[in-house]
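Notes follow the structure.
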Amino acid sequence: MKKIILFLVLSIIAPLSVLAVSEVDYDVKDVYIDSSIDFMGSMHIKEAIIIEGSLNGFERVINYKNSALKDWTSGEIDFANSSIYNARGVSLSLVSAFNISEDQIGWNIFDEDYKDFNETVSAVSGNSGVYTSRETEDGIDVKVYNPNKSGYIVYLFDYYIDQAVVLHNDIAEIYWTFLPQDFDPVESVNIQLTIPGSCTDDKFRFWAHGSLNGNISGISDAKDDDGNILYKGVLATVNDVEFGKGVDIRMTFDKSLMSVASSFLNNSGIDALDKIIEVETERANDANSQRKMIKIVYYGIYGISIIYLIGIVLLWIYLYRKYDREHNVNFTAKYYREFTGDYSVEVIEYLMEKNISNKALSASIMNLIYKKNIEIEEISNSKDDLKLILKNRDNVSKAENIILDLLFSVVGKNSIVTLKQIENYSSNVSTSRSFVNKYNSWKNQVVMDAESENFFEDISTAKIIGFVYFILGMIIMFLNIYFNIGNTVLIILIVVMSIVLLIYTNTFKKWTKKGREHYLKWNAFKNFLKDFGSFSNKEVPEIKLWEKYLVYATVFGLAKEVQKAMNIKLSEMGDTTVYNSYRPLYYHNIYIGDRLDHSISHAYNKGTSLINAENAKSSFSSGSGFGGGFSSGGGFGGGGGSGHGF
């Protein structure tokens with residue numbers, strides 16, 4: 001029989017539990033508490049807890065006493081912490097829940113139509129329209145079962161606190177926690193507390209405790225015959241109440257309003273108003289000190305943020321004028337036909353871009369061909385391959401020597417190398433490392449040669465300033481967030497401008513006077529090469545310089561355009577002998593430059609790709625002594641020695 005009953009109960013409960021909300025995700029938007037004291041010293045409280053989101057129900061533990069408060073005896077009261085303020089009991093009158101729209105939120109929520117839920121012995125998530133209650137040592141634990149999947153829902157609790165008012169010789173007092181510390185965070189709390197009559201401010205005083213952003217005010221009734229304002233209660237509001245921050249109200253009033261219940265309410269037996277004011281004055285002073293500190297921090301951080309933004313603009317102007325604005329030099333020509341400086345062609349790219357690429361390497365090899373250090377031969381039966389032959393190392397720079405080693409010692413043999421050999425050299429990791437290492441050695445040497453020319457000013461100070469100011473901006477951003485300054489636009493401006501400043505100070509460059517002059521001249525030379533075809537035949541330099549122009553056109557990335565313009569110029573000259581003797585030479589040289597650039601780029605890119613792939617596949621190092629990849633920094637164990645060829 002018991003099994004049958006159990007089966008029937010489960011059959012009823014199981015379908016209901018399916019309605020339960022699986023993902024609980026909600027926010028307590030508002031809490032409205034309407035409380036009134038009656039002539040017997042008890043308090044009638046109506047709570048409306050408004051929630052947005054999904055949940056199965058709401059649990060409200062309502063205590064009528066606080067067991068942690070100090071005991072009291074008549075004449076000996078701690079007005080900051082005393083169990084005299086505990087009530088005698090709590091009785092539940094009504095529990096309900098219903099869905100509302102956002103425009104229904106307000107004090108009129110208590111005027112809405114709602115039904116009294118049924119109390120049940122037990123319930124599960126998914127049940128609707130019921131509640132359970134359980135007595136605790138200090139009050140009652142009420143659970144309302146009414147799911148909500150989205151939108152707004154209000155959970156309503158209506159209850160009585162028995163004999164909550166305390167009597168003293170001079171006044172009556174209520175000191176009550178309306179929102180306990182163990183309560184979900186609430187965006188807005190609104191509390192109204194009224195007395196069963198009215199009284200003047202000689203007895204009527206009120207205080208509230210909780211978040212410092214709260215406010216409490218008296219509710220006036222009318223004026224007595226002497227023109228004094230009569231008060232009937234208080235209204236307290238506070239926003240953004242965090243978990244762990246309770247809200248309580250303390251109010252004193254004329255004890256004659258409690259004459260009916262004077263015999264059974266807690267009575268201290270002493271004059272209390274001055275002592276209460278003394279306690280509350282100390283609390284108010286402490287709270288005001290906190291407010292002053294908060295204001296100092298708030299306006300201090302806000303002010304620092306504004307100063308920072310102004311400072312970053314002024315700093316930008318300063319950095320530009322000192323480290324970025326270029327020197328004025330006496331050169332304004334659009335075209336320039338002379339070769340500036342006595343440095344190698346590859347150095348020009350560093351001057352122009354502060355970077356070295358394959359264009360510089362191709363131009364350097366073209367220059368070695370022009371200087372007759374390298375000779376070119378076509379390979380029979382091969383349309384897309386050429387043979388490079390090392391003829392001599394006369395008058396070559398350190399960087400050019402590295403190129404010759406790369407071509408004829410690393411890749412080629414016996415002073416000969418082909419373009420196909422260059423392209424295919426980086427076919428495995430071992431040869432790739434050799435090629436890339438030699439390439440990087442050449443690149444580093446070019447950078448050293450370029451830096452020795454003193455083209456650029458030292459801007460390391462600007463970089464340090466930018467980094468320090470960026471860190472300062474991040475600290476100010478963190479302070480804004482940590483202390484909840486709340487100005488999102490200000491925070492975004494600080495972050496964006498800090499990052500932009502950091503990027504700016506790490507990307508700009510400034511030429512020295514020499515560097516600026518050489519840059520403008522080489523740029524004018526580039527313009528001359530770019531517009532080579534637009535000059536009249538009388539304006540173009542003598543033909544024997546054209547081959548050298550092609551070398552420099554390579555570093556500027558203009559080789560094809562310049563070669564095409566030169567071919568047109570040769571044909572326009574009308575001298576068949578000159579045309580026939582020089583045109584194949586320029587065609588040959590531009591073909592060589594194009595093929596060289598392709599071969600070098602292919603070998604370098606393929607080599608770096610293979611090396612990166614190999615490094616990515618290497619095993620992680622192990623510090624526990626069970627094998628794995630190598631750690632960095634070899635050569636610090638016992639023994640050693642050396643190993644060199646001889």
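Let me check something: with ligands and nucleic acids excluded, how do Glu378, Glu547 order by accessible area (1.4 Å probe), largest to smallest? Mind showing how you got there, number by number?
On the way: Glu378 140, Glu547 35 Å².
Most to least solvent-accessible, the answer reads Glu378, Glu547.
Roughly what angle does helix 513-530 make with the longest principal axis of the chain, taking Cα atoms, 0 to 90 degrees, to the nearest 10?
Helix 513-530 sits roughly 70 degrees off the main axis of the chain.
Against the globular-protein guess of 2.2 N^0.38 Å, express the Cα radius of gyration of the range 491-572 as a ratio, rounded to two decimals. Before the final figure, lay out the partial values.
On the way: Rg = 20.0 Å, N = 82, 2.2 N^0.38 = 11.7 Å.
Cα Rg divided by the expected 2.2 N^0.38 Å: 1.71.
When the Cα atoms of the chain are enclosed in a convex hull and the volume is divided per residue, what value in Å³ results? Working shown, then result.
On the way: hull volume 241.5 nm³, N = 646.
Convex hull volume per residue, Cα atoms: 374 Å³.
Mind scanning Lys334/Lys564; Lys354/Lys383; Lys334/Lys354; Lys383/Lys564; Lys463/Lys514 and naming the pairs with a C-alpha gap bigger than 30 Å?
Long pairs (Cα-Cα over 30 Å): Lys354/Lys383.
Which net charge results when you count Lys and Arg as +1 and Asp and Glu as -1 among the other residues whose beta-carbon is under 11 Å from that of Thr194? Don't skip to the end; give the middle numbers.
Numbers: positive: Lys232; negative: Asp34, Asp38, Asp221.
Around Thr194, the charge tally is -2.
To the nearest 10 degrees, how steeply does helix 576-617 sit against the main Cα axis of the chain, on a 0 to 90 scale?
Value to nearest ten degrees: 40.
Which whole number in µm²/s is D for the range 250-311 by Stokes-Einstein, with the Kirkwood Rh taken over Cα pairs at 37 °C and 0.692 mPa s?
Working: Rh = 15.8 Å.
Rounded, D is 208 µm²/s.
So for the range 385-544, taking the charge dipole from beta-carbon charges (+1 Lys/Arg, -1 Asp/Glu), which of Ser430, Ala462, Ile503 sits furthest toward the positive end?
Value computed over the given set: Ser430.
For Phe204, Phe456, what's the largest-to-smallest order of accessible area, 1.4 Å probe?
Working: Phe204 5, Phe456 30 Å².
Sorted by accessible area, descending: Phe456, Phe204.
Given q = 0.21, 0.24, 0.28 Å⁻¹, what are the Debye log10 I(q)/I(0) values for the range 442-487, with equal point scatterers placed on the Cα positions and solvent ignored?
Rounded to two decimals, the profile gives -0.78, -0.85, -0.91.
Helix 559-573 versus the longest principal axis of the chain: what angle, 0 to 90°, nearest 10, using Cα atoms?
40 degrees
Roughly speaking, what is the centre-to-centre gap between the range 315-336 and the range 27-76 when only Cα atoms are used, to the nearest Å?
73 Å
Just order 397-410, 498-511 by mean Cβ neighbour count inside 10 Å, highest at the front, would you? Provide the component values of the computation, followed by the final result.
Working: 397-410: 19.4, 498-511: 16.2.
Order by mean packing, descending: 397-410, 498-511.
Between Val24 and Ser256, how high is the FRET efficiency from 1/(1 + (r/R0)^6) when r is the Cβ-Cβ distance and R₀ = 35 Å? Nearest 0.05.
Values: r = 50 Å, r/R0 = 1.42.
For R0 = 35 Å, the calculated efficiency reads 0.10.
Translational diffusion coefficient of the range 464-520 at 4 °C, 1.567 mPa s, Stokes-Einstein with Kirkwood Rh over Cα pairs, in µm²/s as a whole number. Could you put the intermediate results ahead of the total?
Values: Rh = 13.1 Å.
Translational D for this selection: 99 µm²/s.
What whole number of Å gives the distance from the Cα centroid of the range 405-459 to the Cα centroid of the range 155-185?
Here the answer is 85 Å between Cα centres.
If Lys and Arg each add +1 and Asp and Glu each add -1, what is the summed charge of the other residues whose beta carbon sits under 12 Å from the beta carbon of Lys70? Numbers along the way, then the final one.
Details: positive: none; negative: Asp71, Glu76, Asp78.
So the surrounding residues net to -3.
By per-residue mean of other Cβ atoms within 10 Å, what is the highest-first order of 367-373, 357-363, 69-75?
Numbers: 367-373: 18.3, 357-363: 23.0, 69-75: 11.7.
Per-residue Cβ counts within 10 Å, averaged per peptide and sorted highest first, yield 357-363, 367-373, 69-75.
Under a 1.4 angstrom probe, counting protein chains only, how are His598, His209 ranked by accessible area, largest first? Numbers along the way, then the final one.
On the way: His598 95, His209 40 Å².
Output order, biggest surface exposure first: His598, His209.
What is the Cα convex hull volume of the range 145-270 when expressed per residue in Å³? If you can, show how the numbers build up before the last one.
On the way: hull volume 18.7 nm³, N = 126.
Hull volume normalised by residue count: 149 Å³.
With every protein chain left in place, what is the accessible area of Tyr335 in Å² (1.4 Å probe, nearest 10)?
Accessible area of Tyr335: about 80 Å².
Is there a quick way to get the dipole size of the chain? I mean about its Cα centre, with the Cβ of Lys and Arg at +1 and of Asp and Glu at -1; what is the value in debye to the nearest 20?
Working: 62 positive and 78 negative charges, 1075 e Å.
With Lys and Arg at +1 and Asp and Glu at -1, about 5160 debye.
In whole angstrom, and with the biggest value first, how far do the Cα coordinates of the range 31-89 range along each principal axis?
51, 28, 19
Would you compute, for the Cα atoms of the range 384-518, the largest minus smallest coordinate along each principal axis and list the three values in descending order, in whole Å?
Principal-axis extents of the range 384-518 (Cα, largest first): 74, 41, 24 Å.
In the range 396-414, whose amide N lies under 16 Å from the spot 7 Å out along Cα-to-Cβ of Ser427? List them in ranges.
Backbone N within reach: 411-413.
Where does the Debye-calculated log10 I(q)/I(0) of the range 340-417 sit at q = 0.11, 0.21, 0.26 Å⁻¹, using only Cα point scatterers of equal weight, no solvent?
Log10 I(q)/I(0), no solvent term: -0.31, -0.98, -1.28.
Hey, for a label at Ile229 modelled as a point 7 Å past Cα toward Cβ, could you say which residues of the range 201-218 have their backbone N under 17 Å away?
201-208, 215-218
In the neighborhood of Gln445, defined by Cβ-to-Cβ distances under 13 Å, what is the net charge if each Lys or Arg adds +1 and each Asp or Glu adds -1? Show your work: numbers first, answer last.
Working: positive: Lys398, Lys438, Lys443; negative: Glu346, Glu400, Asp405, Asp449, Glu451.
Around Gln445, the surrounding residues sum to -2.
Just going by the charge dipole of the chain, with Lys and Arg at +1 and Asp and Glu at -1 on Cβ, which of Ala272, Asn228, Val186 is farthest out on the positive end?
Projecting each Cα onto the dipole axis, the largest value belongs to Val186.
If one computes the Cα centroid of the range 491-559 and of the range 96-144, what distance in Å separates the two points?
Computed from Cα coordinates, the inter-centre distance equals 78 Å.
Per-residue ellipticity at 222 nm for the chain, helices alone: DSSP H runs ≥ 4 residues times -39500 (n - 2.57), over residue total, nearest 500 deg cm²/dmol?
Helix contribution divided over all residues of the chain: -13000 deg cm²/dmol.
I'd like the carbon and sulfur percentage of the solvent accessible area for the chain, probe radius 1.4 Å, heavy atoms only, ligands and nucleic acids excluded.
Details: 17640 of 34520 Å².
Ligands and nucleic acids excluded, carbon and sulfur give 51 percent.
Using the Cα centre as the reference, give the magnitude of the dipole from point charges on the C-beta atoms of the range 397-535 (Lys, Arg: +1; Asp, Glu: -1; all else neutral), rounded to the nearest 20 debye.
Values: 15 positive and 10 negative charges, 36 e Å.
Taking the Cα centre of the range 397-535 as origin, the dipole is about 180 debye.
The values are calculated or read from the model by the stated rules, or taken from the named source; none is laboratory data. This one's a predicted model, so the numbers in the text were calculated from it and none came from an experiment. Don't worry about glycine lacking a Cβ; one is built from the backbone with ideal geometry, like all the others, and counts go over all protein chains shown. Note: accessible area is taken over every heavy atom of the protein model, side chains too, but ligands, DNA and RNA are not part of it. Shrake-Rupley method; radii C 1.70, N 1.55, O 1.52, S 1.80 Å.
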